[in-house]
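Chemist: Mind having a look at this structure? Questions to follow.
Taken together, the values in this text are just the output of simple stated rules run on the coordinates, not laboratory data. These numbers come from a predicted model, not from an experiment. For neighbour counting, all protein chains shown are included, and Cβ atoms are generated from backbone atoms with ideal geometry for every residue, glycine included.
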Amino acid sequence: MSKVVYFSRMFQAVPHLAQVASQLPGTFVTTRSSTLKATRRLYPDLDTARYARWLGPFSQGARLLKQADVIVTGSPYRSFLKDYDAKTCTVFHGTYMLLSKHALLANSHFDLLCVTGPRMQQMIQRFAPEISLNTVSTGFLPFCEFPDASAAQRQQTLLGLKLNPDLKTVVFTPSRRGEGSWDLAAAQLVRTTPAGYNLILRPHPSQSLTPRRADRASFRQVIQLAAARPNTLVDLTSHPLSSLLSVADLLISDANSPSEESLFYDVPQLFIETDLFNADVLRAMAQKEAMHEEDTAQLLTLFECGRRQFVNGPMDYSDLIERSIQEAPHYAKQRAAYFSWVFGERDKSAHLRVAQAITTHLLS
């Protein structure tokens with residue numbers, strides 16, 4: 001029997017690797033004890049092993065990697081993987097808004113790349129004459145764990161979050177520190193979101209898990225404000241993002257990956273633009289990454305999926321929230337078009353296609 005090893009240092013890739021492993025059994029290996037602990041807690045049926053550096057080749061994880069026929073991962077890990085003879089495959093667990101020639105070169109050592117959708121395939125084809133890659137279109141793995149939305153599921157989820165299932169729900173998903181709108185908008189959203197709404201605030205994982213004093217102080221302030229507002233949740237990654245998106249009646253974001261992923265449920269959008277991040281900044285980032293001009297232009301149509309608001313200080317969001325929900329039908333066609341460009345099919349079968357692609361291309 002062929003030996004398949006799933007490898008990641010970061011936990012972010014684990015849910016998606018676990019989905020593939022459910023169809024193509026193998027062992028998950030990581031170098032981090034925190035990732036191993038979380039994986040064993042959330043995926044008890046997944047076979048796991050630790051790569052302990054201090055044990056070198058005698059580590060169980062090192063032995064498994066050395067004996068593997070295929071190693072499947074979610075990040076480049078070029079220098080790490082070069083020590084092993086196994087064929088390699090990467091799956092993308094992010095939406096890769098800024099996929100570019102540089103990003104493709106960083107993944108060019110893989111024997112197989114599983115492509116998330118038409119946007120990624122389009123960008124790969126742009127550079128096909130210069131970069132030879134073996135790719136298969138498999139779909140977006142995170143959708144495999146997205147709940148099936150229904151009235152019963154919505155009620156159960158909101159009650160589980162200790163929110164009111166009879167109210168519409170606003171979800172705020174800012175980007176990481178340094179470009180996200182958390183510091184400008186979080187407290188004001190708690191203060192000014194109308195009382196007839198549930199409010200969920202979900203900071204970026206890199207910020208919510210940081211030991212940085214300023215972040216902790218900001219969270220304490222917002223949590224204290226939230227405690228005084230009924231039906232408010234500040235979620236520091238305790239709940240799957242997909243569950244929060246599945247009950248959202250409006251997503252407030254910085255035009256980031258969560259805003260793209262929420263289109264799986266056709267969630268109405270409100271985009272916050274700031275001096276740190278806005279359409280012009282995104283265009284400049286794309287130019288720096290050497291993205292094709294046509295791809296950049298299509299990327300910026302994300303801002304056409306909902307209302308936009310520039311924020312440079314405290315403001316009242318009450319009318320803006322209500323108008324954004326009322327006007328959502330006006331943007332429905334663009335939301336559907338953007339989703340189709342990024343992800344293609346709206347299904348939850350990417351793990352089946354990834355498992356089949358690995359079997360066909362790397363194990364046959």
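Chemist: Classify the stretch 127-190 as rounded, prolate or oblate from the Cα gyration tensor: take a ≥ b ≥ c as the square roots of its eigenvalues, call it rounded if a/c is under 1.5, otherwise prolate when a/b beats b/c and oblate if not. Walk me through the intermediate numbers first.
Modeler: On the way: a/c = 4.77, a/b = 1.50, b/c = 3.18.
Here the stretch 127-190 falls in the oblate category.
Chemist: Have a look at Tyr96, Leu64, Thr301 and report the one farthest towards the positive end of the charge dipole of the chain, computed about the Cα centre with Cβ charges (Lys/Arg +1, Asp/Glu -1).
Modeler: Comparing the listed Cα positions along the dipole, Leu64 ranks first.
Chemist: Test of understanding: in a Gaussian network model of the chain with alpha carbons linked when under 10 Å, which of Leu245, Leu81, Leu141 would top the mean-square fluctuation ranking?
Modeler: Checking each option, the largest mean-square fluctuation is seen for Leu81.
Chemist: So, one more: Quick check: pseudo-label points 7 Å beyond the Cα along Cα→Cβ at Gln125 and Ile223, how many nm apart are they?
Modeler: Label-label distance for Gln125 and Ile223, simple model: 4.9 nm.
Chemist: With charges set only on the Cβ (+1 for Lys and Arg, -1 for Asp and Glu), what does the dipole of the chain come to about its Cα centre, in debye to the nearest 20?
Modeler: Details: 38 positive and 33 negative charges, 279 e Å.
Dipole size: approximately 1340 debye.
Chemist: Now a separate question. How big is the dipole moment of the stretch 149-343 about its Cα centre under a simple scheme where the beta carbon of each Lys and Arg is +1, that of each Asp and Glu is -1, and everything else is neutral? Debye, nearest 20, please. Write out the running numbers ahead of the final one.
Modeler: Values: 19 positive and 22 negative charges, 166 e Å.
Dipole of the stretch 149-343, to the nearest 20 debye: 800 debye.
Chemist: Also, quick follow-up: Helix 33-42: angle to the longest alpha-carbon principal axis of the chain, degrees 0 to 90, nearest 10?
Modeler: 70 degrees
Chemist: Could you derive backbone 3J(HN,Hα) for the stretch 322-336 from the dihedral phi with the Karplus parameters 6.51, -1.76 and 1.60 (θ = phi - 60°), listing whole Hz in sequence and x where the residue is Gly or Pro?
Modeler: In residue order, the calculated couplings are 5, 5, 4, 6, 5, 8, 3, x, 5, 9, 4, 4, 5, 4, 5 Hz.
Chemist: Please report the equivalent ellipsoid semi-axes of the stretch 152-305, computed as sqrt(5 x eigenvalue) of the Cα gyration tensor, largest first, in whole Å. Walk me through the numbers before you get to the answer.
Modeler: Details: eigenvalues 147, 73, 33 Å².
Ellipsoid half-lengths, sorted descending, are 27, 19, 13 Å.
Chemist: Which aspartates and glutamates, on any chain, are close to Lys87 with Cα under 18 Å apart, when same-chain ones fewer than 8 places away are left out?
Modeler: Correct list for Lys87: Asp69, Asp111.
Chemist: Here is a further query. Taking the number of other C-beta atoms within 10 Å as the exposure measure, put Glu273, Glu293, Glu261 in order starting with the fewest. Mind dumping the intermediate values first?
Modeler: On the way: Glu273 20, Glu293 10, Glu261 24.
Placing the least packed residue first, the sequence is Glu293, Glu273, Glu261.
Chemist: What whole number of Å gives the distance from the Cα centroid of the stretch 219-282 to the Cα centroid of the stretch 133-167?
Modeler: 15 Å
Chemist: Need the full-extension length gain, Phe310 to Ser340, defined as separation in residues times 0.36 nm minus the C-alpha distance. One decimal, nm.
Modeler: On the way: separation 30, 0.36 × 30 = 10.80 nm, distance 2.71 nm.
Between Phe310 and Ser340, full extension yields an extra 8.1 nm.
Chemist: Okay, next question. Is the stretch 1-156 best put as rounded, prolate or oblate by its Cα gyration tensor, with a ≥ b ≥ c the root eigenvalues, rounded for a/c under 1.5, and otherwise prolate when a/b is larger than b/c, oblate when not? Mind showing how you got there, number by number?
Modeler: On the way: a/c = 2.01, a/b = 1.05, b/c = 1.91.
In terms of gyration-tensor shape, oblate.
Chemist: Can you give the angle from 0 to 90° between the axis of helix 279-288 and the longest principal axis of the chain, with both taken from C-alpha atoms, to the nearest 10?
Modeler: Tilt relative to the chain: about 20 degrees.
Chemist: Here is a follow-up. Projected onto the charge dipole of the stretch 149-343 (+1 at Lys/Arg Cβ, -1 at Asp/Glu Cβ, origin at the Cα centre), which of Met291, Trp341, Phe310 gives the Cα projection farthest towards the positive end?
Modeler: Of Met291, Trp341, Phe310, it is Phe310.
Chemist: The list (1) 36, 24, 19; (2) 38, 23, 19; (3) 41, 33, 17 gives values of semi-axes √(5λ) of the Cα gyration tensor in Å, and only one came from this structure; which label was calculated from it?
Modeler: Recomputing semi-axes √(5λ) of the Cα gyration tensor in Å here gives the entry labelled (1).
Chemist: For the chain, find the longest principal axis of its Cα atoms and tell me its angle to the long axis of helix 213-227, 0 to 90°, nearest 10.
Modeler: The angle comes out at about 50 degrees.
Chemist: For every helix of n ≥ 4 consecutive DSSP H residues, a contribution of -39,500 (n - 2.57) applies; sum these over the chain, divide by its total residues, and give [θ] at 222 nm rounded to the nearest 500 deg cm²/dmol.
Modeler: Working: 17 runs with 144 residues, N = 364.
The helix contribution divided over the chain gives -11000 deg cm²/dmol.
Chemist: Putting +1 on Lys and Arg Cβ atoms and -1 on Asp and Glu Cβ atoms, find which of Ala255, Ser243, Phe219 reaches farthest to the positive end of the dipole of the chain.
Modeler: Projecting each Cα onto the dipole axis, the largest value belongs to Phe219.
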